[in-house]
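Everything on this sheet refers to the single structure shown next.
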Amino acid sequence: MATYGEVETVLAALHDMDAERQTSAFRARLKHFKRLGLPLGLTPGKGKRIDYGSDEILQLAFALELTQVGVDPAFITEAVRFYWSRIKFSFDYADALTRKEEENGDVYFVIPVAMMSKPWSKDNGMVITTVPASRLIEFLGRGVTRCVLINVSDFIRRLLRCYNDIVKGDL
C-alpha cells in the first residue's frame, strides 16, 4: 500500500518528471483522472487518507501511458472501467513472464487506433489485445492498419523499479 504522495512520485518518476513538473501540470492531470473516477472505487471524501494498492496504481499508470499517445482521459476512464479485469489479467501475465525473465518473453498491448471513425461506429469501445513478442509480427500482419503498442513487460519493469525506489516495498 502507498499514500497519494508516494503514488504521485512513483508515477512522475515513471514518466521521467522532475519535482517542478510533478507539482504543476502532472498533478492537475492526476486530479482530472480522480474527478473522472480513476482509480476505480476510491471516493473517500475530502481530507481522508487513501491507501493505494497495486490495482489503483496500475490503473493510474495505464491511464497516463494512454495519455502519452493522445487518448482522451474520459475515454481512458471508461475503457479502464469496462475492461479493467482484462487489462489486469494482461498486467499479471506480463508480470509473471517478466519475473521468469524468459527470453523474448515481453508482452505487448495492441490497441487499434480509429480516433476519428470509432465514435461513429456501432462498436465504439476500446479493443485491447495482449500479444507475446514472439507472435507480434504475425499478429500485426492480420490486417492491423494502425495501432498503439505498449510493451507491458517493460512498463511493469519500470513501474516496479520506480515503486521500489520510492516506496521501498513490493507492489
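The table below gives the values:
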item: Summed side-chain charge close to Asp92 - residues other than Asp92 whose Cβ falls under 12 Å, Lys, Arg +1, Asp, Glu -1; result: +1
item: (i) 0.97; (ii) 1.10; (iii) 0.93, with the label sought being that of the calculated Rg/Rh (Cα atoms, Kirkwood Rh); result: (i)
item: Within the chain, helix-based [θ] at 222 nm, where runs of 4 or more DSSP H residues each add -39,500 (n - 2.57), nearest 500; result: -16000 deg cm²/dmol
item: Peptide ranges 141-147, 151-157 listed from the most packed, as the mean C-beta count within 10 angstrom indicates; result: 151-157, 141-147
item: Around Val167: net Lys/Arg minus Asp/Glu count, Cβ-Cβ under 12 Å; result: -3
item: Residue exposure sequence - Met17, Met1 - by fewest surrounding Cβ within 10 Å; result: Met1, Met17
item: Relative contact order (percent, whole number), the chain, Cα cutoff 8 Å, 6+ residue spacing; result: 25 percent
item: Number of Lys pairs (Cα under 29 Å; 8 or more positions apart or on different chains) in the chain; result: 20
item: Mean Kyte hydropathy of -0.5 or more with a Cα span along the axis of at least 27 Å, helices from DSSP in the chain; result: 73-100
item: Neighbour net charge for Ile156 - beta-carbon separation under 10 angstrom, K R +1, D E -1; result: 0
item: Computed magnitude of the charge dipole of the chain (debye, nearest 20; Cβ of K, R +1, Cβ of D, E -1); result: 680 debye
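Each reported figure results from applying straightforward, stated rules to the coordinates on display, with no laboratory input. Bear in mind the structure is a predicted one, so any value in this text is a computation, not a measurement. Because the Cβ atoms are built from the backbone with ideal geometry, glycine has one as well, and the counts that use them run over all protein chains shown.
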